[in-house]
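> Pasting in a structure now, in structure tokens, and then I'll have a few things to ask.
The values are calculated or read from the model by the stated rules, or taken from the named source; none is laboratory data. Keep in mind it's a predicted model, so treat the numbers as computed, not measured. We place every Cβ from the backbone using ideal geometry, glycine too, and count neighbours over all the protein chains shown. Side chains included, ligands, DNA and RNA excluded: accessible areas come from the protein's heavy atoms. Shrake-Rupley method; radii C 1.70, N 1.55, O 1.52, S 1.80 Å.
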Amino acid sequence: MFLRELTITIDHLKGAGPVSIRALASAGITSVGSLLCRYPRDWEDRSRAVPLRDFNAAPVCTVVRALAHTWFGSGGTKTLKVYVEDDKGTRASLVCFNRPFIEKVLKAGNYYRLWGAFQYRYGELQSSAFEVEALDGAGAPAPEQSAFGRILPVYALRPGLNQGMLRKFIHQALVQYAGPVEDELPRPIRDRDGLLPKAQALRAVHFPESLEELKKAVRTLVYEELFYLEVLVCRRAKARGSQGGGRSAPQFRPSPLQQNLLERLPFALTPGQAGAIGEINRDLDGQCQMARLLQGDVGSGKTLVSFLAALRAVEPGGQAALMAPTELLARQHAENAAALLEPLGVRPAFLTGNIRASGRAALLKSLAAGDIDLVVGTHALFSKDAAYKNLRLVVIDEQHRFGVVQRQAVMAKGERPDLLMMSATPIPRTLALTVFGDMDISVIPDMPSGRKPVKTHLARSSNEEKVYAFVRKELAAGKQAYFVYPLIEADEGKGLKDAESMAARLAEEVFPEYPAALIHSKRDEEEKRKIMERFRAGAVRILAATSVVEVGVDVPNATCMVIEHADRFGLSALHQLRGRVGRGKDQSYCFLVYSDSLTEDGKTRLKVMLENTDGFVIAEEDLKLRGPGQIAGTEQSGYFMLGIADPLRDSEMLAQARTDAFAMLERDPGLGLPEYQCVARVLDTAPPFGSMGL
Ligand code: ADP
Ligand code: MG
């Protein structure tokens with residue numbers, strides 16, 4: 001029997017009453033199988049004695065004699081303190097906050113087992129977080145009931161659950177039901193890596209006999225989880241017809257339309273762009289359905305790659321859709337598409353939710369008739385009334401801004417269309433393998449030549465005049481500047497500068513000689529369009545904004561990015577914002593202006609920005625600061641459905657599991673592998689490509 005087949009319900013366990021059954025159910029535990037899958041979050045080693053005097057090295061675990069009771073505090077809030085001594089002669093006190101009943105538990109002169117974290121306070125060794133158990137006599141538990149003399153599991157709790165009941169139920173479940181649980185890992189792998197049989201791993205992860213056994217059990221279960229994850233990923237990749245990664249990058253051979261575009265460009269593709277479009281062409285020309293993630297730092301020129309991809313899809317008569325997260329960005333792409341592709345005879349169009357009804361109806365009609373080749377837009381691209389004649393390629397820009405459902409909805413507009421997702425939020429490789437494990441990945445590692453790295457400066461807000469003076473020189477040289485604020489409008493009490501007030505101040509007081517404008521998400525789309533148009537054309541020289549300009553905006557003549565209250569922004573936002581400058585051949589500058597009330601985290605972020613320009617490095621730092629679940633684009637992945645594996649910590653095992661899974665399925669595509677309890681949860685809810693935590 002496999003673990004997932006242990007569907008026998010919890011009420012079969014001794015001592016499981018309605019209250020505990022309900023509490024367990026609310027934590028998702030209804031069957032014995034799901035109970036056993038609730039692996040501990042930690043373990044306490046109570047198998048080894050740690051005398052009081054070693055309290056600094058580890059939690060104390062020893063036998064003590066109770067000496068005396070005292071009470072301190074006044075009135076109704078008296079607190080009990082019990083003095084104890086161990087066999088090494090060290091004395092300590094147990095402070096029993098809210099536990100007056102311990103007076104009756106610990107009798108002077110008797111011996112007890114003691115576990116706890118101690119520290120020196122008020123001239124004595126103290127603990128208020130401790131556990132005791134009678135060593136012998138009437139109060140002592142039977143040896144198998146004792147919380148001492150073993151490595152004790154510590155579980156993540158939910159309301160209504162406590163360690164005692166989880167330990168009791170899990171112990172019982174192991175004894176009664178886990179024996180016949182069958183192995184789920186292929187035997188050769190188990191033997192190769194010295195992993196445990198499943199039943200033993202289960203027992204040992206909950207109640208290990210030694211630290212070595214625990215380590216083996218964890219390795220076994222982590223590997224098993226990752227292996228099945230990769231089996232799933234591999235099956236999906238195969239279902240698409242993907243050959244998988246690891247093949248040598250093909251030479252980029254432009255199609256006639258692509259060649260036509262390249263000849264009109266004033267520059268050559270970077271090697272990274274050429275490599276990426278080479279891989280995309282191979283996918284599009286081949287039999288498989290493309291599912292490719294294009295990663296490239298801000299400014300690496302992903303848009304152009306997506307246009308080239310669109311040409312390849314359009315050439316044989318297909319349609320392509322390019323979806324961007326904001327109207328601002330979609331419009332910019334649409335304008336570029338019109339400028340670059342119309343001369344080639346390609347018919348682009350721009351679709352958002354804001355187009356007037358009459359124009360919209362006509363546009364949708366042409367789309368359905370196949371008179372539009374490339375449609376660029378926001379989520380309006382998959383609105384109900386949008387129908388496509390022959391949608392062959394879906395490009396999703398800034399993919400992390402879209403939810404799984406939206407990505408799915410636009411894909412559903414075609415029949416197995418090819419998918420290209422673009423991301424300027426670099427995801428570290430180990431995480432990418434997990435989160436986007438079922439996609440192929442192309443990376444643009446280089447920047448267009450002639451770019452100078454942006455010079456970054458930190459400035460205290462009291463030194464803002466110096467920053468303004470610097471920007472004034474750039475403006476005098478014909479350049480443009482962004483000023484970014486954390487708030488749209490003034491918010492009393494927050495003491496923060498806001499975009500609205502600052503736009504007025506910049507225009508009237510600071511730079512009265514230059515035209516300034518204000519842009520933020522609450523402004524009307526038509527206004528935003530006009531402002532961006534004027535900023536692009538150079539008619540507006542200073543743009544006061546919120547982080548709306550974070551995404552994709554491309555104005556190469558802008559060389560200054562001033563971010564006020566920079567310590568309030570996250571690392572990925574700061575990196576994106578800084579990426580708005582440094583897009584032309586001239587030296588660009590980024591000023592991170594920070595408040596006096598700088599927090600430690602804020603300081604760390606600014607330091608990371610000052611010391612790094614590489615988006616991948618910044619993403620790694622972000623990961624360290626925030627933890628993987630917070631990485632943009634992975635929040636809604638199935639990442640957290642993993643029970644015990646952590647793709648970052650276990651990255652080596654992940655790579656091994658991936659190789660193993662792909663190799664096994666290569667040899668035996670029908671591999672009758674049993675499905676696996678924890679992965680089964682993932683299987684049931686697995687969202688589509690690149691969003692499943694796999
Ligand atoms: P991102 O990858 O951040 O989306 P964009 O596609 O917006 O970058 O490109 C940034 C700028 O670089 C654009 O102005 C684009 O025209 C320009 N660009 C793209 N490819 C090249 C190249 N090979 N050489 C020079 N400039 C390029
Ligand atoms: Mg972009």
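> Taking 8 Å as the Cα distance limit and 6 or more residues as the minimum spacing, I'd like the relative contact order of segment 1-128 as a percentage.
Working: 197 pairs, mean separation 25.6, N = 128.
Taking the mean separation of contacting Cα pairs over the length of segment 1-128, I get 20 percent.
> Per residue, what volume in Å³ does the Cα convex hull of segment 1-155 take up? The partial results should precede the final answer.
Working: hull volume 25.3 nm³, N = 155.
Dividing the Cα hull volume of segment 1-155 by its residue count gives 163 Å³.
> Quick check: pseudo-label points 7 Å beyond the Cα along Cα→Cβ at residue 371 and residue 253, how many nm apart are they?
With each label placed 7 Å out from Cα toward Cβ, I get 3.7 nm.
> Using +1 at the C-beta of Lys and Arg and -1 at the C-beta of Asp and Glu, which of 507, 537, 606 has the Cα lying farthest in the positive direction of the dipole of segment 455-612?
537
> For segment 76-107 and segment 444-464, compute the distance between their C-alpha centroids and round to whole Å.
Comparing the Cα centres of segment 76-107 and segment 444-464, I get a distance of 60 Å.
> Considering only Cα-Cα distances, which of the following residue pairs are longer than 28 Å: 530/585; 384/528; 302/585; 455/522; 585/624; 479/528?
Over 28 Å Cα-Cα: 455/522; 585/624.
> Roughly how many nanometres apart are two label points built 7 Å out from the Cα toward the Cβ at residue 534 and residue 22?
In this crude label model, residue 534 to residue 22 measures out at 6.4 nm.
> Evaluate E = 1/(1 + (r/R0)^6) for residue 667 and residue 260, where r is the Cβ-Cβ distance and R0 equals 35 Å; express this FRET efficiency to the nearest 0.05. Don't skip to the end; give the middle numbers.
Values: r = 45 Å, r/R0 = 1.29.
Given R0 = 35 Å and the Cβ-Cβ separation, E is 0.20.
> How far is the Cα center of segment 30-68 from the Cα center of segment 348-370, in Å?
A separation of 66 Å, based on Cα centres.
> Under the rule a/c < 1.5 gives rounded, and otherwise a/b versus b/c splits prolate from oblate, where does segment 455-612 land using the Cα gyration tensor? Please list the in-between numbers first.
Working: a/c = 1.41, a/b = 1.22, b/c = 1.16.
Judged from the Cα gyration tensor, segment 455-612 comes out rounded (a/c under 1.5).
> What is the sum of charges around residue 381, taking Lys and Arg as +1, Asp and Glu as -1, for the other residues whose C-beta is under 15 Å from the C-beta of residue 381? Show your work: numbers first, answer last.
Details: positive: 331, 360, 384, 389, 392, 401, 407, 413; negative: 327, 373, 385, 397, 398.
Spelling it out: positives minus negatives among the neighbours equals +3.
> What full-extension length gain, to one decimal in nm, is calculated for residue 88 and residue 523 as 0.36 nm per residue of separation minus the Cα-Cα distance?
Details: separation 435, 0.36 × 435 = 156.60 nm, distance 7.37 nm.
Length gained, residue 88 through residue 523: 149.2 nm.
> Could I ask something else about it? Would you kindly work out the equivalent ellipsoid of the chain from its C-alpha gyration tensor and give its semi-axes, the square roots of five times the eigenvalues, largest first in whole Å? Could the numbers behind the result be given before it?
Working: eigenvalues 631, 258, 89 Å².
Gyration-tensor ellipsoid for the chain: 56, 36, 21 Å.
> What is the dipole size for the chain, taken about its Cα centre, with +1 at each Lys and Arg Cβ and -1 at each Asp and Glu Cβ, in debye to the nearest 20? Let's see the in-between values first.
On the way: 87 positive and 83 negative charges, 63 e Å.
In debye, rounded to 20, the chain gives about 300.
> Let me ask you something else. Of all the accessible heavy-atom surface of the chain, with the other protein chains kept in place and a 1.4 Å probe, what percent is carbon and sulfur?
On the way: 15590 of 30520 Å².
The value for the chain is 51 percent carbon and sulfur by accessible area.
> Something else: Tally Lys/Arg at +1 and Asp/Glu at -1 over every other residue whose Cβ is under 9 Å from the Cβ of residue 292; what's the total?
On the way: positive: none; negative: 279, 283, 418, 440.
Neighbour charge sum, excluding residue 292 itself: -4.
> For residue 361 and residue 465, compute 0.36 nm times the residue count separating them, minus their Cα-Cα distance, and round to one decimal in nm. Please report the intermediate quantities before stating the final value.
Details: separation 104, 0.36 × 104 = 37.44 nm, distance 5.19 nm.
Contour length minus Cα-Cα distance gives 32.2 nm.
> Taking the Cβ of residue 15 as the centre, find all other residues whose Cβ is under 14 Å away and add up their charges (Lys, Arg: +1; Asp, Glu: -1). Don't skip to the end; give the middle numbers.
On the way: positive: 14, 167, 168; negative: 11.
With Lys, Arg at +1 and Asp, Glu at -1, the neighbours total +2.
> What is the extension gain from residue 122 to residue 287, computed as 0.36 nm multiplied by their sequence separation minus the C-alpha to C-alpha distance, in nm to one decimal?
On the way: separation 165, 0.36 × 165 = 59.40 nm, distance 7.52 nm.
Separation in residues times 0.36 nm, less the Cα-Cα distance, equals 51.9 nm.
> How much area per residue is accessible in the chain when the probe is 1.4 Å and only protein heavy atoms are counted (Å²)?
Details: 30520 Å² over 694 residues.
Averaged over the residues of the chain, the accessible area is 44 Å².
> Give me, ordered by chain and number, the residues 5 or more places off residue 487 or on other chains with an amide H under 5 Å from its own placed amide H.
The list, which skips near neighbours in sequence, is 499.
> As I understand it, the dipole of the chain uses +1 on the Cβ of Lys and Arg and -1 on the Cβ of Asp and Glu, about the Cα centre. Which of 379, 402, 100 lies farthest toward its positive end?
The residue sitting farthest along the positive end of the dipole is 100.
> So what is the relative contact order for segment 455-612, in percent, with contacts set as C-alpha pairs under 8 Å and at least six apart? Don't jump to the answer; show the numbers that get you there.
Values: 285 pairs, mean separation 48.4, N = 158.
Contact order relative to length: 31 percent.
> Further question on the same structure: Using the membrane-span-like helix rule (whole DSSP H runs, Cα extent along the own axis of at least 27 Å, mean Kyte-Doolittle hydropathy at least -0.5), which helices of the chain qualify?
Working: long enough: 211-240 (43 Å, -0.01).
Membrane-span-like by this criterion, though nothing is claimed about a membrane: 211-240.
> What FRET efficiency comes out for the pair residue 496/residue 624, r = Cβ-Cβ distance, R0 = 41 Å, nearest 0.05?
Details: r = 27 Å, r/R0 = 0.66.
That pair, residue 496 with residue 624, gives E of 0.90.
> Per residue, what volume in Å³ does the convex hull of the Cα atoms of segment 313-401 enclose? Let's see the in-between values first.
On the way: hull volume 7.9 nm³, N = 89.
Convex hull volume per residue, Cα atoms: 89 Å³.
> Relative contact order, percent, of the chain when contacts are C-alpha pairs under 8 Å separated by at least 6 residues?
On the way: 1236 pairs, mean separation 88.8, N = 694.
The normalised contact order for the chain reaches 13 percent.
> Moving on. Along Cα→Cβ, 7 Å out, is where each label goes; now give me the distance between the ones at residue 162 and residue 191 in nm to one decimal.
About 4.9 nm separates the two model spin labels.
> So for each of 317-324, 660-667, 214-221, 158-165 I average, over its residues, the number of other beta carbons within 10 Å; can you give me the resulting order with the highest mean first? Walk me through the intermediate numbers first.
Numbers: 317-324: 24.6, 660-667: 16.5, 214-221: 20.2, 158-165: 13.8.
Per-residue mean Cβ counts within 10 Å order the peptides as 317-324, 214-221, 660-667, 158-165.
> Which of rounded, prolate or oblate describes segment 467-534 when judged by the alpha-carbon gyration tensor and an a/c cut-off of 1.5? The partial results should precede the final answer.
On the way: a/c = 2.32, a/b = 1.19, b/c = 1.94.
It is oblate, given that a/c is not under 1.5 and a/b is not larger than b/c.
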